[in-house]
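The values are calculated or read from the model by the stated rules, or taken from the named source; none is laboratory data. Just so we're clear, the structure is a prediction, and the values are computed from it rather than from any experiment. In this analysis, Cβ positions are derived from the backbone assuming ideal geometry, glycine residues included, and neighbour counts consider all displayed protein chains.
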């Protein structure tokens, strides 16, 4: 026998169209999806008329015995009911309802309705058998498994589809318990316990294929009564493996995307939520049950969200963002989206939507907004003109400073090529060159404004990079006209200071050179010649006048050097107590001559060794103590020092010099530190001086980080105070080392000395001083001769004038040190009439060993020699 192959779908379509019973596919939301001609004949309505009705509109309300008319349709239903015909008459029918779940969207989750008209004389049993036969025919071609069991789980019957879906033939299963279909026996026990409690329920289960595979099913279980009144358990299972995979995929995607889903049935006002919805939103499920669709947002957002819902029903889409505070106190940002589904008549049926946590995106947006605002503020409030250009050099945007510089309004410049401001045709070449050559922006040194004026600018070109691609350029232009003017003024001031310094050097040299002769010869006469008392008095007057003139010269030069900025303090270790005591001891003899008491007081907690310029500190002390001695006739002079503060390696010292002299009137105290000011009028004054001493003291004290002032009191005399800030020394000051090699060179008490000096008088003064001390002296007139003499003969010491013809003293010293071996080096002492900043350092850098300035005293020359040679002069 040859079997006939029939397409199940074709057979189902044939039965649907040719059966005498009314058949229809009906959706859960009341839409007629497919209806056969027998159904239209049974109810009397046309397709258009039927589309406006629901099944419950056709059935007499008293015939719904097991369900309320407003409730959803049951998944399985067989009942005699009365149909309302269009003509208003009632037609008895046998209504069969079964839920059909298909794989296509058209048949997904729909109901199969069958209506068989009953006549009063028709045998109900025959009708029931015919229905059963039709039902079995449909079940054989269904895509679901269908079987029923006894209450103890024994399979009594099953549809043939079970072979195709699970691999078992009906004969293999009938008579066995259904636990063979379950992955775990416990699953069956749960099913049985649920069926004992509920007449009908649905759940998702995993059944076992005959080959061992696990397959997910959406299983509907219902308790029914058989033909003989026995209780049966009917089970219908739809395979949902693909759907389960999709659900898992969607759930994982939603978890990663921080997203949940929801569905709102508008007609029933019912809303469904996914599990992920509550995890994402932090909404309490109990609150969702109370507020319905409004539970998607916080209560304070209900009014505005309701407005957005009303708009969405018209515009088809819902989009709403808001901020929600979780119970932990943390703020999160949520975005609600939704799409509206409409009926054929345009009536909104439902909204399917999502809710997503967009907190991270909001934070990024906020940071981006902050960046944009910072950039905008930077451009808006920048002191320079900022131009944004595209790759062709057209201006995209600019700032107010560009408007001020060019005279064009911002909107006038947008879209204009920068060439209009730059004045050349090669702006694009310059822009492209700037990517490789950082000096390319120097080509843009002028911008022409709206009125034709040229503005000198300093330009910076920066590329605009977006996603690693160059999309344009920034040109930042600084107007340097004012800056250039200041630079010219600065250069002019520097040139003036330089000229002033050179003038001071020349004046120092020109004044000190003759003073050297006056004071030096006076010293020689006093030391080497016998005079009567009157002659010695004359010489003392000359010597005193020379010292006074030298002091005046020193004050003028010191003040000029400070004013011109060429004075710089040295920083070297020194003993503070020694510095103070030497200053006091130097002026004590003058105080004794006037019968004045000199008092010196120092606190015990002062550090002994400090870093600073001891010579300048001593200069201030000697000036103030000297003034106190000068203006005090009777009484005493008190010098005191104490530590005010000490922190971070520095010490703040307070010095006080107090006398019992003539004092200072209060109205004149504020003028004391002004240059060239003297307390007594020059026509009546009794004391000498330039009036620069206190001005110099103030400048020096300020260079040392302090200040000087006078304190007024009712007591007689003057009270000066000043403070300085000095650094603490890491170790005690090291005495200047003597040159042992040089000491070994000297034989006996006589040294062989070379004097390099071009001035005849100064030659005579220095030679006399040295020969009087017993040394052998040779004199040369210029730099060439001193180099030749030092290289041809051995000398113990060379007194080298810095300013000499042919070769200056600095170069001559270098040449001597470079030509001789270290053990042959003579001691070279610089002798100069300059006393300016850096002179000593220049001499030492040239290889000289020491430095003395003119005028030269016998005592100074003797001390210099003793510094390097270890013997006492005769």
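What to note about this one:
- Qualifying residue in region 785-796 (condition: part of a loop (DSSP other than H, G, I, E, B) and closer than 18 Å to residue 864 by Cβ): yes
- Within region 622-647, the set of residues being in contact with a strand residue (DSSP E or B) (Cβ under 7 Å, 6 or more places away or on another chain) and within 16 Å of residue 583 (Cα to Cα) comprises 624, 625, 628, 629, 637, 638, 639, 640, 641.
- Within region 223-247, residues that are closer than 26 Å to residue 154 by Cβ sit with their Cβ atoms under 6 Å from residues that are exposed (fewer than 13 other Cβ atoms within 10 Å of the Cβ), at 6+ positions apart or across chains, in these pairs: 223/199; 232/226.
Residue-wise test of (1) assigned to a helix (DSSP H, G or I); (2) touching a helix residue (DSSP H, G or I) at 6+ places or on another chain (Cβ under 7 Å); (3) touching a residue at least 60 places away in the same chain (Cβ under 8 Å).
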| position | (1), (2), (3) |
| --- | --- |
| 429 | yes, no, no |
| 432 | yes, no, no |
| 438 | no, no, no |
| 455 | no, yes, no |
| 464 | no, no, yes |
| 473 | no, yes, yes |
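- Residues of region 717-731 satisfying the condition of being on the phi < 0 side of the Ramachandran plot and in contact with a helix residue (DSSP H, G or I) (Cβ under 9 Å, 6 or more places away or on another chain): 718, 720, 722, 723, 724, 726
- Test result for residue 722, more than 25 Å from residue 519 (Cα to Cα) and at pLDDT 80 or above: yes
- Checked against (1) crowded, with 20+ Cβ neighbours inside 10 Å; (2) in contact (Cβ under 8 Å) with a residue 60 or more places away in the chain, residue 843 passes all but a single condition, namely (2).
- Search result, residues across region 318-338 that are surrounded by 13 or more Cβ atoms within 10 Å (Cβ to Cβ) and out of contact with any helix residue (DSSP H, G or I) (no Cβ under 9 Å at 6 or more places or on another chain): 337
- For region 138-153, the tally of residues that are surrounded by 14 or more Cβ atoms within 10 Å (Cβ to Cβ) and at pLDDT 65 or above stands at 10.
- Residues located in region 289-299, provided they are at pLDDT below 80, surrounded by 12 or more Cβ atoms within 10 Å (Cβ to Cβ) and over 16 Å from residue 352 (Cα atoms): 291
- Yes/no for residue 325 being touching a strand residue (DSSP E or B) at 6+ places or on another chain (Cβ under 8 Å), over 23 Å from residue 341 (Cβ atoms) and in the same structural domain as residue 346 (by TED's automatic domain parsing): yes
- The condition (being at pLDDT 85 or above, within 60 Å of the chain's Cα centre (by Cα) and surrounded by fewer than 22 Cβ atoms within 10 Å (Cβ to Cβ)) is satisfied by just one residue among 837, 817: 817.
- Contacts under 7 angstrom Cβ, first residue in region 11-35 being at positive phi, partner surrounded by 15 or more Cβ atoms within 10 Å (Cβ to Cβ), 6 or more apart: 30/54
- Pair list, Cβ < 9 Å and 6+ apart or interchain, from region 802-829 residues that are touching a residue at least 60 places away in the same chain (Cβ under 8 Å) to residues that are exposed (fewer than 15 other Cβ atoms within 10 Å of the Cβ) and part of a loop (DSSP other than H, G, I, E, B): 826/794; 826/820
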